[in-house]
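Working notes, beginning with the structure itself.
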Amino acid sequence: MLTLPQYVQRRVDGQIDYYKKHAGSYRTAATWLRRIEFGLALAATLITAIASITGNRIFGIGFDIAALTAVLTTVAGAVLAHVEASRFDFLVTTYLATARRLEDRKTGPREPLSSFINDCEDILATENLSWIAKWTKPGKV
């Protein structure tokens, strides 16, 4: 049986720290993915420009299949980076919101004890349910 201060320290503060720490690391990952996305888009632009200047002619039409392949590969990488960065942005937002809700509840009234604990556990359950809703394919529960 935990006392109220022990519950706050072990469960509430522990979860607040977890969500803040992971939100920070996901924010860093999202930032790097956005930079990579920008770099790939810039590379695709440069390749397209170079291919347009030095392109080969096929059947009388200026067309360089190697340049087109490079551009398509770069664009596919940029799209993938964007998707992953968006996922990390979602995690940053939800983690910081959960930490904020726990901090708000922690500073509010703690009596009766059962209401305080239920509120904190509901906040954590809501976060878990948002994960399930976000990452579960429809009809696959």
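Can Tyr18 be described as in contact with a Leu (Cβ under 7 Å, 6 or more places away or on another chain), of a type in the set (Phe, Trp, Tyr) and at pLDDT 80 or above?
Details: in contact with a Leu (Cβ under 7 Å, 6 or more places away or on another chain): no; of a type in the set (Phe, Trp, Tyr): yes; at pLDDT 80 or above: yes.
The answer is no for Tyr18.
Identify all residues within the stretch 65-118 that are in contact with an Asp or Glu (Cβ under 9 Å, 6 or more places away or on another chain) and more than 26 Å from Ile36 (Cβ to Cβ); write none if there are none.
Those that are in contact with an Asp or Glu (Cβ under 9 Å, 6 or more places away or on another chain) and more than 26 Å from Ile36 (Cβ to Cβ): Ala97, Thr98, Ala99, Arg101, Leu102, Arg105, Lys106, Gly108.
Is at least one residue of the stretch 47-58 among the basic types (Lys, Arg), exposed (fewer than 13 other Cβ atoms within 10 Å of the Cβ) and at pLDDT 90 or above?
Within the stretch 47-58, the subset among the basic types (Lys, Arg) is 57.
Narrowing further to those that are exposed (fewer than 13 other Cβ atoms within 10 Å of the Cβ): 57.
Narrowing the set further to residues that are at pLDDT 90 or above leaves none.
Within the stretch 47-58, not a single residue is among the basic types (Lys, Arg), exposed (fewer than 13 other Cβ atoms within 10 Å of the Cβ) and at pLDDT 90 or above.
Could you list all residues from the stretch 76-107 that are over 24 Å from His22 (Cβ atoms) and surrounded by fewer than 14 Cβ atoms within 10 Å (Cβ to Cβ)? Lay out the reasoning, then the answer.
Initially, the stretch 76-107 is screened for residues over 24 Å from His22 (Cβ atoms), giving 76-79.
Listed by number, the residues that qualify are Ala76, Val79.
May I ask you to list the residues in the stretch 59-115 that are at pLDDT below 80 and charged (D, E, K, R)?
Hit for the stretch 59-115 is Asp64, nothing else.
The values are calculated or read from the model by the stated rules, or taken from the named source; none is laboratory data. None of these values were measured; they are calculated from a predicted model. Please note: Cβ atoms are built from the backbone with ideal geometry, for glycine as well, and neighbour counts cover all protein chains shown.
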